[in-house]
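What follows is a short report on a single structure.
Nothing in this text is a laboratory measurement; each read-out follows from the coordinates by a stated rule. Just so we're clear, the structure is a prediction, and the values are computed from it rather than from any experiment. Because the Cβ atoms are built from the backbone with ideal geometry, glycine has one as well, and the counts that use them run over all protein chains shown.
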Amino acid sequence: MPDSRGATPHEQPRLRIASVTVDLEERRTPGTPSRLMANATRVLDFLDAHELRATIFVVGGVAREHPALLARIAASGHEIGFHSESHEFLRELGPDEVIASGKEWRARLEDLTGSPVLGYRAPSFSLTRAVPWAPAAIADAGFAYSSSVVPARNPVAGFPGAPTTPFRWPEGLPEFPCPVGRLGPVSLPFAGGVYLRVLPMTLIRTFVARQPPAAVPWIYCHPYDFDAAEPFRRMPGTRWWETPILFFNRKRMFERIAMLVEGASPRPLSVWGCDPAFVEALPVFAPSAPRRALPGALGASGVFQSAATPPDDPLREPPRTVPHAPPGDEPELLGGD
Ligand SMILES: [Zn+2]
């Protein structure tokens, strides 16, 4: 008898990757030539070969240096989002800069590509409790949705206690949090970057299959995640054990993503983020810090009410109540970016 995801006991659990996202940014060791163009081209070739339309969050400085890359992305039909001008943490920017650079780069990217720029991803998922002004600033800059939160404790930037499925901030901005999977006391953002290269594939598949019905599970990656040919060098600003992880298993990244998206038909995040019915039905998350709340909003220790059904998605189930974990109950592990 099929279970809730349509799988029989003898079948592989039905995978539900909804979207593939790429954070288009440079990570270069000082004194070495850029490898971004070659790596990004390989990623775009991979997406084309698998007929995948992704959401590509672009750092402004990359767009300035590589306008031809932006043209290629747009010609392939990918959605283009914004990933800050120079990959600074939100707390380093402040609200005025987020609004000003967001408005400026939305216009520039739209001029370069001829397509609307609707999505925002904070560098290193740095939308945390420390920047309560951020959702309003992102909305004021004109973005329709955000994908900027790791809803778990994390040494780089996490938001423990945030919902693990899409939600709305009290200001109205929809948020697509990084998918996480629970392993004992920790929640792991398993579907991207270092985690997607390091964790056993069986565990990743299990996490995907266990995503709740209200989830919109997306993969994230960076061009360097695929660069198996990069000479090993100690990365500046990292601890001794971090650099080997940054290089680990890059040669398997294409293969792993291909396995995860097989049969899943991923679509750009704006398919959900710009669907009024989907957004309207999202639960509102009001963090525990004092802030203006809308009717129906619940505090950080509350329970979320409706969970929306995305458009045209036969894998979705009816809305149900989605509880979320209180903050501060998890040890830290790896960074989220
Ligand atoms: Zn990034």
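Distances between placed amide hydrogens fall under 5 Å for residue 181 paired with 188, 190, all partners being 5 or more residues away or on another chain. Shape class for the range 6-154, computed from the alpha carbon gyration tensor (a ≥ b ≥ c): oblate, with a/c not under 1.5 and a/b at or below b/c. Taking the centroid of alpha carbons for each part, the range 34-109 and the range 151-175 are 22 Å apart. When DSSP beta bridges are limited to those with both residues in the range 19-323, what percentage is antiparallel, rounded to the nearest 5? Bridges in the range 19-323 that DSSP calls antiparallel: roughly 30 percent. Sparsely packed loop sites in the range 122-192 (the trypsin sites (Lys or Arg not before Pro) outside DSSP H, G, I, E and B with at most 16 other Cβ atoms within 10 Å) comprise 129. Using θ = phi - 60° in the Karplus curve 6.51 cos²θ - 1.76 cosθ + 1.60, the 3J(HN,Hα) couplings for the range 120-130 round to 10, 10, 5, x, 6, 6, 8, 7, 10, 4, 6 Hz; x is entered for Gly and Pro.
The alpha carbon gyration tensor of the range 19-323 gives principal lengths a ≥ b ≥ c with a/c below 1.5, which makes the shape rounded.
Remark: the range 196-213, residue by residue, has Karplus-estimated 3J(HN,Hα) of 5, 8, 8, 6, x, 4, 5, 5, 4, 4, 5, 4, 4, 5, 8, 4, x, x Hz, where x stands for each Gly or Pro and the curve is 6.51 cos²θ - 1.76 cosθ + 1.60 at θ = phi - 60°. In this structure, the amide hydrogen of residue 58, modeled 1.01 Å from its nitrogen in the peptide plane, lies closer than 5 angstrom to those of 24, 81, 82, 83, counting only residues at least 5 positions away or on a different chain.
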